[in-house]
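Participant: One structure follows; several queries about it will come next.
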Amino acid sequence: MLLVVITNQVQVPGTGKGLVQFGDLCDLSPESATFDPPAQISFSFDPASLPKGRSAASLVIATYDQKAGKWVVLNSSVDKKSNLVNAKIAHFSAYGLFSRSAGLNSIWWVLIGLVIAIAIGLAISVLTTRRTAGPAELDEQPKPLDPARAARSELIQ
């Protein structure tokens, strides 16, 4: 006997950072049932009701791992034409549709990459300048343009 229970929970336990419940959860039982080959599970979605700042590409199906106490994201595919998110499952469990954000970690990696690129660019610029300008040119003091100023600076020294 196949029993599908759809629940709409406000609070989802252990979603973790960057994972937001989007839509209903389903609890497929009996949990001891397994599939070989895996079966496909699909969740439909309404693109107009996606969380702010998230796209259909951010949608994933996750299963709740009771032992670990957290949701585990499955290898999911998004069919934008039919507004379906699909994943293969090998057993019955609790499944849900979630939106996963890139998170701050990705933003930080982009910023770090930018800083490294700028630092490398500056280093190359400095090395190139030193190679084109001879050592004598780098050690020389700038020559004053005004002879009267030059005389004053010599008196002060």
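Nothing in this text is a laboratory measurement; each read-out follows from the coordinates by a stated rule. Note that this is a predicted model, so its numbers are computed, not measured. All Cβ positions, even for glycine, are placed from backbone atoms using ideal geometry, and neighbour counts span all protein chains on display.
Participant: Quick one: which residues, 5 or more positions from residue 70 or on another chain, have an amide H under 5 Å from its amide H? H modelled 1.01 Å from N in the peptide plane, none for Pro or chain starts.
Facilitator: 65
Participant: Among 54, 100, which comes first, second and so on when ranked by fewest other beta-carbon atoms within 10 Å?
Facilitator: So the ranking, lowest neighbour count to highest, is 54, 100.
Participant: Tell me the label-point distance for the pair residue 101, residue 66, using the 7 Å Cα-to-Cβ offset, in nm and rounded to one decimal.
Facilitator: 3.2 nm
Participant: Take 84, 114, 25 and order them by how many other Cβ atoms sit within 10 Å, fewest up front.
Facilitator: In order of increasing Cβ crowding within 10 Å: 114, 84, 25.
Participant: Out of residues 5 or more away from residue 93 or on other chains, whose amide H comes under 5 Å of its own, with H placed 1.01 Å from N in the peptide plane?
Facilitator: Under 5 Å from the amide H of residue 93 lie the amide H atoms of 28, each far enough along the sequence or on another chain.
Participant: Which ³J(HN,Hα) values in Hz, rounded to whole numbers, follow from the phi angles of the range 67-77 under the Karplus curve 6.51 cos²θ - 1.76 cosθ + 1.60, where θ = phi - 60° and Gly and Pro get x?
Facilitator: After applying 6.51 cos²θ - 1.76 cosθ + 1.60, I find 5, 7, x, 8, 7, 10, 6, 8, 5, 10, 10 Hz.
Participant: So, R0 is 41 Å and r is the distance between the beta-carbons of residue 91 and residue 120; what FRET efficiency does that work out to, to 0.05?
Facilitator: With a Förster radius of 41 Å, E is 0.25.
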